[in-house]
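A short worksheet on the structure shown next.
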Amino acid sequence: MAAQPDFLWIKNDMSPDGRVFRVSRQAAQHSTILRALIEDFEGIDLWKKEQCIPIKIHVSDQCLSDVLQWAENTKTAPEKGENADNNKQVELAAEDMHFFREAITTSEKLYELLMLTDYLGIVPLYNMACQVVVNMIMGKSAEQIRRMLGISKDFTPEQEEAIRAETAWAYDEEQPPLDR
Amino acid sequence: MAPTHGMVERPLPANPARLSVTQSTRTGLDTAGDTTVPSPASNTIGGITPHAGIDVSVKLAGDDSRSQPPASPKPCPRHLLTLPPEILLMILQALDFADIVRLRETCMQLRALASPQQVRVLFGPDRLHSQPL
């Protein structure tokens, strides 16, 4: 049996032990850069384990394996050439909801997921991760956002006063809402 | 790095003054070249010469200053605000104006990021007009 031609090898290059992960050809289609790589190097020995593709960002092995697992599990073919749909609200399917609940439990993991999906160009997962952050922020007051993101107010009192004055309209309850 | 360690340390069994000299040269070499020297090795050397107490503290101070530079390039705090701006802007893009207004009131960084100019560029004319408040 010759070398299995249907697996890519990906190495977590920035991690100290540098684990190597196996990605099926089908799962690699989810990533725009891996897809482009496969198309460009179709005839060349891309499928050997020695030819592993390095991930040059700081992510944990756990995150990388979660994302690759997601790619393996998600069978729906990624739509090609569909761009400019950024305005569309991303709907999370049930299995993706499950993924986020299981794998992405802390904001550190969410951070890594965003970095990695951006890096690999896994657009659906990237959009979903963005949507998760959006859902975290949506409908919260400034103080709630601050508490959730763990940030401190670094305005000077004068600045804060200016901001208050600038966005006073947002808190003016006398004003009737604009009807559109 | 480890073999040179042994070579430098072994000929000085109990001379604190000379030991401190070699320590300083060692740290100087380390900062110039290799940065991945395991600090436990130097600690065990300290254990071999227990009477050279001062030297150990000097050595530890040197280790601290050496371990800091490699730590800084690694993005240790995986805070959402330390994400690169393009990702933050992607998130911004999916928010409503009302949320952006509140986001701008949280801290200086987000206020600078979600400037009116930025929002205008990001959303484009079509969305600016269709955006419900």
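Applying the criterion of being within 8 Å of chain B (Cβ to nearest Cβ) and assigned to a loop (DSSP other than H, G, I, E, B) to the residues of the stretch A:165-180, the residue that is modelled with the highest pLDDT is A:Thr167.
Does A:Glu108 fit the bill of being modelled with pLDDT under 90 and more than 9 Å from chain B (Cβ to nearest Cβ)? Against the criterion (modelled with pLDDT under 90 and more than 9 Å from chain B (Cβ to nearest Cβ)), A:Glu108 does not qualify. Of all residues in the stretch A:113-142 being within 8 Å of another protein chain (Cβ to nearest Cβ) and open to solvent by 50 Å² or more (accessible area, probe 1.4 Å), which is farthest from A:Lys75 (Cα to Cα)? Top of the filtered list is A:Lys140.
To keep it simple, each residue is scored yes or no on (1) charged (D, E, K, R); (2) at pLDDT 90 or above.
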position: A:Met115; (1), (2): no, yes
position: A:Tyr119; (1), (2): no, yes
position: A:Ile122; (1), (2): no, yes
position: A:Tyr126; (1), (2): no, yes
position: A:Lys153; (1), (2): yes, no
position: A:Gln159; (1), (2): no, no
position: A:Ile163; (1), (2): no, no
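Once the stretch B:97-128 is narrowed to residues that are over 27 Å from A:Pro157 (Cα atoms) and within 10 Å of another protein chain (Cβ to nearest Cβ), the residue that is surrounded by the fewest Cβ atoms within 10 Å (Cβ to Cβ) is B:Asp126.
The values are calculated or read from the model by the stated rules, or taken from the named source; none is laboratory data. Worth saying up front: this structure is predicted, and the values here are computed from it rather than measured. We place every Cβ from the backbone using ideal geometry, glycine too, and count neighbours over all the protein chains shown. Remember, those area values only see protein heavy atoms, side chains included, never the ligands or the DNA or RNA. Shrake-Rupley method; radii C 1.70, N 1.55, O 1.52, S 1.80 Å.
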